[in-house]
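Asker: Encoded as C-alpha cells, here's the structure I'll be asking about.
The values are calculated or read from the model by the stated rules, or taken from the named source; none is laboratory data. Worth saying up front: this structure is predicted, and the values here are computed from it rather than measured. Glycine also receives a Cβ, built like all others from the backbone with ideal geometry; neighbour counts cover every protein chain displayed.
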Amino acid sequence: MPEGGAEDRGRFSFALAMAGAAVLIVLAGVYFWPGRQSPVRDARRGAAVFGPAERAYAPLIRLEGIGLSRAENFLHQEITTLSGDAVNTGDRAFRDIEITVEFSDDLHQVVLRETRSILTQPSADLAPTERRRFEISFEHVPRSWNMQLPAVRVSGLAFAK
C-alpha cells in the first residue's frame, strides 16, 4: 500500500507542475499580447520621450497623407499598413519621433493602441522643414476594428544634439 501512495503523490506533483507551467504561459501571453502599449523609453539612451519641451514642440510635427493598405503575407495572414509623411515645421532637428496609433470599433472604443518610432534611419535626423515618409505594419488588428483610419498622434520626440 505505501508504494501506491508514492505513485499517487508523484502523479499529483506532475499535475501540479503542469498547472503551474500553464499559468506561466497564460501570464506571458497576456504580457506579450500584440497591441500592448510599450513602456516609454528612457531619454538617456537617446530614445523619444514626451516631457514639457517635447509636448510644446509636438504641434509643429505634422503627420500628412495618412493612408491604410491591407495585404496578405506568405503565411496567409492579413497585414494592415499605415503610411504617411512626417513634416517638421519647426526650427529644431529630431533624432527620433514616436507616434501612437489607435484603432477603434463602431462604438468609438479603442481596440488597438500601439506606439512606434517612425524615424527608422538613426543616422539621418529630421531637419527643420524636412519631410520623411514612414510606414508601419500591424499584423494583428482586431476584427472589431471599424475599418476607418485610426487616430494618429505624436507621443514622443528626441531632439538632435
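Asker: Would you call Ala71 without any contact (Cβ under 8 Å) to a residue 24 or more places away in the chain and either surrounded by fewer than 18 Cβ atoms within 10 Å (Cβ to Cβ) or within 20 Å of the chain's Cα centre (by Cα) (or both)?
Answerer: So Ala71 passes the test.
Asker: More than 15 Å from the chain's Cα centre (by Cα), in the same structural domain as Gly51 (by TED's automatic domain parsing) and not in a strand (DSSP E or B) - does that describe any residue in the stretch 110-120? Break it down into steps so the answer makes sense when it comes.
Answerer: In the first step, residues of the stretch 110-120 are kept if they are more than 15 Å from the chain's Cα centre (by Cα); the result is none.
The answer is no, given that none of the residues of the stretch 110-120 is more than 15 Å from the chain's Cα centre (by Cα), in the same structural domain as Gly51 (by TED's automatic domain parsing) and not in a strand (DSSP E or B).
Asker: Check off (1) touching a Gly at 6+ places or on another chain (Cβ under 8 Å); (2) among the aromatic types (Phe, Trp, Tyr); (3) part of a strand (DSSP E or B) for Phe103 and give me the number that stays unchecked.
Answerer: Against the list (1) touching a Gly at 6+ places or on another chain (Cβ under 8 Å); (2) among the aromatic types (Phe, Trp, Tyr); (3) part of a strand (DSSP E or B), Phe103 comes up short only on (1).
Asker: Next question, about the same structure. Being touching a strand residue (DSSP E or B) at 6+ places or on another chain (Cβ under 7 Å) and not in a strand (DSSP E or B) is the filter; apply it to the stretch 61-100 and report the residue that is farthest from Ser155 (Cα to Cα). Spell out the reasoning first.
Answerer: Here is the first cut: in the stretch 61-100, the residues touching a strand residue (DSSP E or B) at 6+ places or on another chain (Cβ under 7 Å) are 61-73, 78-89, 92-100.
Filter once more, keeping what is not in a strand (DSSP E or B): 73, 89, 92-93.
Details: Asn73: 29, Thr89: 17, Arg92: 17, Ala93: 16 Å.
Within the stretch 61-100, the match that is farthest from Ser155 (Cα to Cα) is Asn73.
Asker: Exactly one of (1) at pLDDT 80 or above; (2) not small (Gly, Ala, Ser); (3) not in a loop (DSSP other than H, G, I, E, B) is unmet by Asp8. Its number?
Answerer: Condition not satisfied by Asp8: (1).
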